[in-house]
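A short write-up of the structure that comes next.
The values are calculated or read from the model by the stated rules, or taken from the named source; none is laboratory data. Note that the coordinates shown come from a computational prediction; the quantities given were computed from them, not determined experimentally. Every residue, glycine among them, receives a Cβ derived from its backbone with ideal geometry; neighbour counts consider all protein chains shown. Only protein heavy atoms, including side chains, enter the accessible area calculation; ligands, DNA and RNA are left aside. Shrake-Rupley method; radii C 1.70, N 1.55, O 1.52, S 1.80 Å.
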Amino acid sequence: MSDMFDFGSGLVPAHKHANGGGWVAETALVADSVYVGPDARVYGDARVYGDARVSGDAWVYGNARVSGDARVYGDAWVSGDAQVYGNARVYGNAWVSGNAWVSGNARVSGNARVYGNAWVSGNA
């Protein structure tokens, strides 16, 4: 059974994720293994899976994908068709959007913006 939650454009069917209590729209897919913190949001057609974590006031939405051991936290946003995977971290006030990919051990933080067709990858 769904509740209703306003992600910013009116009420939509949603539920609190069992692992962390953050709001997840019924249109989004979030694996049971994922942690979605109590103030985090996942909506639209976003997909979050693996051992990923979305916490703080972070938002993952649109067609975004977050997977592997990736972390999105603080006030960060991942949107559009963006992908964050591997051991990547997106945090602070950072945004990853459009067709951007952030992978490996990359860190995107502060007020950084990664968008368009950009790729950011980091090695250990």
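Quickly rank 104-112, 75-83, 24-32 as a protection proxy: mean count of other C-beta atoms within 10 Å, highest first.
Descending packing order for the listed peptides: 75-83, 24-32, 104-112.
Going by average Cβ neighbours within 10 Å, how do the peptides 6-13, 67-74 rank, with the highest at the top?
67-74, 6-13
Would you mind telling me the antiparallel percentage of the DSSP bridges in the chain, rounded to 5?
Restricted to the chain, the bridges split so that about 20 percent are antiparallel.
Can you give the local net charge around Val90? Use residues other than it whose beta-carbon is closer than 14 angstrom to its beta-carbon, Lys and Arg +1, Asp and Glu -1.
+3
Tell me which residues come under 5 Å, amide H to amide H, from Ala46 once H is placed; ignore anything under 5 positions away on its chain.
Residues meeting the amide H criterion: Leu29, Gly62, Ala64.
Residues with beta-carbon under 14 Å from that of Ala76, excluding Ala76: net charge, scoring Lys, Arg +1 and Asp, Glu -1?
After counting each charged neighbour, the total is +3.
Please report the carbon-and-sulfur percent of the accessible area for the chain; probe 1.4 Å, protein heavy atoms only, DNA, RNA and ligands left out.
50
Rounded to the nearest whole Å², what accessible area per residue is found for the chain with the 1.4 Å probe?
49
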